[in-house]
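Undergrad: One structure is given below, represented as structure tokens, and several questions about it will come after.
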Amino acid sequence: MKMPVEKCHVDEYPILRQEDLGEGWFRLDIEAPEIARETRAGQFVQVRVGPGDDPLIRRPFSVFDVGPEPGEEATEVRLLIQKVGPGTTALAQLREGDKVRLMGPLGHPMPVPEISTDGALFLVGGGIGVAPLYLYCRERKSENSELPIKVLLGARRESLLIGHQGFIDLGVETGLATDDGSAGHHGNVIELLDQYLGEMGPGADIAGIGCGPHGMNVALRDIAIEKELRFWISLENYMPCGFGACFGCVISGPEDGPLRYRRVCVEGPCFPVEELPATF
Ligand SMILES: Cc1cc2nc3c(=O)[nH]c(=O)nc-3n(C[C@H](O)[C@H](O)[C@H](O)COP(=O)(O)OP(=O)(O)OC[C@H]3O[C@@H](n4cnc5c(N)ncnc54)[C@H](O)[C@@H]3O)c2cc1C
Ligand code: FES
């Protein structure tokens with residue numbers, strides 16, 4: 001199998017703008033035309049966060065958006081980043097004109113399942129998991145797709161629902177959930193999904209893609225398996241290399257299936273729920 005790294009680009013690219021979004025989140029827009037036009041929602045880039053050639057100093061980030069529009073004319077790679085440690089803190093210092101070394105696009109795009117117009121494709125995001133879902137919606141919009149997308153986003157409180165306005169501006173039905181009830185449903189996003197499923201009733205044509213913190217992903221897998229729904233989950237496992245060489249991101253298959261290990265960076269990062277073990 002050809003490693004995606006043979007098909008991806010590695011170079012230094014200039015920062016076009018950096019925007020502080022509050023709560024430790026920021027957006028980084030980078031002029032990287034060859035990566036921008038080849039990236040599809042769900043793929044990611046490895047970003048070098050300091051000098052030197054040690055691959056461990058690269059950090060993986062989903063492509064949040066490409067601009068000005070997805071497709072062949074795209075020239076910008078846009079990242080939505082949460083400061084959590086030294087690498088993301090270093091990236092937050094970059095300003096217009098600085099250069100950053102990117103490798104990408106990496107991983108496989110998210111699936112685009114067929115759904116009848118009276119069904120629903122749920123995009124369920126928690127925290128920074130919102131990032132790849134926005135490009136997914138932008139791509140469908142640019143194709144004039146009639147996919148019945150419903151975006152459900154969860155966070156601890158309203159100020160952490162970063163990026164939700166972008167979905168509303170695209171005209172996508174968007175439901176919110178916050179743990180403290182400061183916006184939308186008072187509770188978690190899986191409860192909100194359950195409410196939507198209840199309203200649609202049995203027999204509705206339903207599929208979904210989730211991307212969020214580990215606890216949300218596990219709960220999403222459980223509800224999708226229990227209700228026999230076509231769901232995929234995009235994983236954000238620790239990825240030292242991001243291109244299949246180190247096996248540092250490996251997950252196993254379901255406990256009741258054949259023992260099968262997959263590298264999240266090259267076989268994923270998005271997997272059908274039935275291919276995930278109960279704990280992953
Ligand atoms: C496919 C994928 C897509 C991601 N997309 C985004 C995104 O769009 N926006 C965003 O803010 N974050 C995203 N992340 C998470 C991001 O990679 C980590 O937050 C970042 O690497 C932390 O680096 P740090 O040096 O600031 O913190 P550290 O102190 O190094 O780590 C803080 C946390 O990040 C985890 N982490 C560290 N290095 C990696 C690594 N190489 N791979 C995965 N996790 C790591 C650690 O396990 C720890 O939990 C994504 C991760 C993956 C695997
Ligand atoms: S991160 Fe190295 S093999 Fe996946």
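We did not get these values from a lab; they are worked out from the coordinates using the rules stated. From a predicted model like this one, the values you see are computed outputs, not experimental measurements. Quick reminder, even Gly has a Cβ in these numbers, built from the backbone with ideal geometry, and neighbours come from all protein chains shown.
Undergrad: What are the chymotrypsin sites (Phe, Trp or Tyr not before Pro) within the stretch 186-247 that DSSP puts in a loop, where the Cβ has at most 13 other Cβ atoms within 10 Å?
TA: Answer in residue order: Tyr238, Phe247.
Undergrad: If you keep only loop residues by DSSP, which GluC sites (Glu not before Pro) in the stretch 184-237 have at most 16 other Cβ atoms within 10 Å of their Cβ?
TA: Counting only loop positions with at most 16 other Cβ atoms within 10 Å, the GluC sites (Glu not before Pro) in the stretch 184-237 are Glu228.
Undergrad: Please report Leu193, Leu94, Leu133 as a ranked list, fewest other C-beta atoms within 10 angstrom at the top and most at the bottom.
TA: On the way: Leu193 27, Leu94 18, Leu133 30.
Exposure proxy ranking, most exposed first: Leu94, Leu193, Leu133.
Undergrad: If you take every DSSP beta bridge fully contained in the stretch 44-200, what fraction is antiparallel? Give it as a percent rounded to 5. Walk me through the numbers before you get to the answer.
TA: Working: 11 of 25 bridges.
Antiparallel bridges make up about 45 percent of those DSSP assigns within the stretch 44-200.
Undergrad: Using a/c under 1.5 as the rounded threshold, could you call the stretch 192-251 rounded, prolate or oblate? The axes a ≥ b ≥ c are square roots of the C-alpha gyration tensor eigenvalues, and prolate needs a/b larger than b/c, oblate otherwise.
TA: Verdict is prolate for the stretch 192-251.
Undergrad: Enumerate by residue number the GluC sites (Glu not before Pro) in the stretch 81-158 meeting two conditions: DSSP loop (anything except H, G, I, E, B), and at most 15 other Cβ atoms within 10 Å of the site's Cβ.
TA: Glu96, Glu114, Glu143, Glu146
Undergrad: Given contacts defined as C-alpha pairs under 8 Å and at least six residues apart, what's the relative contact order of the chain, whole-number percent?
TA: Dividing the mean separation by the residue count of the chain yields 18 percent.
Undergrad: I'd like the antiparallel share, as a percent to the nearest 5, of DSSP beta bridges with both residues in the chain. All intermediate terms of the calculation are to be shown ahead of the outcome.
TA: Numbers: 35 of 59 bridges.
Percent antiparallel among DSSP bridges in the chain is about 60.
Undergrad: Right, here's the next one. Once the Cα gyration tensor of the stretch 49-148 is found, what semi-axes does its equivalent ellipsoid get, as square roots of 5 times the eigenvalues, in whole Å, sorted largest first?
TA: Whole-Å semi-axes of the equivalent ellipsoid: 30, 15, 12.
Undergrad: Give the Kirkwood hydrodynamic radius (Å, one decimal) of the stretch 135-193, defined as one over the mean of 1/r across all pairs of different Cα atoms.
TA: Working: mean 1/r = 0.0840 Å⁻¹.
Roughly 11.9 Å, rounded to one decimal.
Undergrad: Related question: Would you please classify the overall shape of the stretch 4-106 from the alpha carbon gyration tensor, given that a ≥ b ≥ c denote the square roots of the eigenvalues, rounded means a/c under 1.5, and beyond that prolate means a/b larger than b/c while oblate covers the rest? Don't jump to the answer; show the numbers that get you there.
TA: Working: a/c = 1.61, a/b = 1.19, b/c = 1.36.
Since a/c reaches 1.5 but b/c is at least a/b, the shape of the stretch 4-106 is classed as oblate.
Undergrad: Determine the relative contact order of the stretch 110-234: mean sequence separation of Cα pairs under 8 Å and six or more apart, normalised by residue count, in whole percent.
TA: 29
Undergrad: Further question on the same structure: Return the calculated 222 nm mean residue ellipticity for the chain, to the nearest 500 deg cm²/dmol, obtained by summing -39500 (n - 2.57) across DSSP H runs with n ≥ 4 and dividing by the residue count.
TA: -6000 deg cm²/dmol
Undergrad: Let me ask something additional. Using only the alpha carbons, work out the radius of gyration and Dmax of the stretch 220-280 in angstrom.
TA: 11.7, 36
Undergrad: Follow-up. Calculate the radius of gyration of the Cα atoms of the chain to one decimal place, then report Dmax, the largest Cα-Cα distance, as a whole number, both in Å.
TA: Taking only Cα atoms of the chain, I get Rg and Dmax of 18.1, 55 Å.
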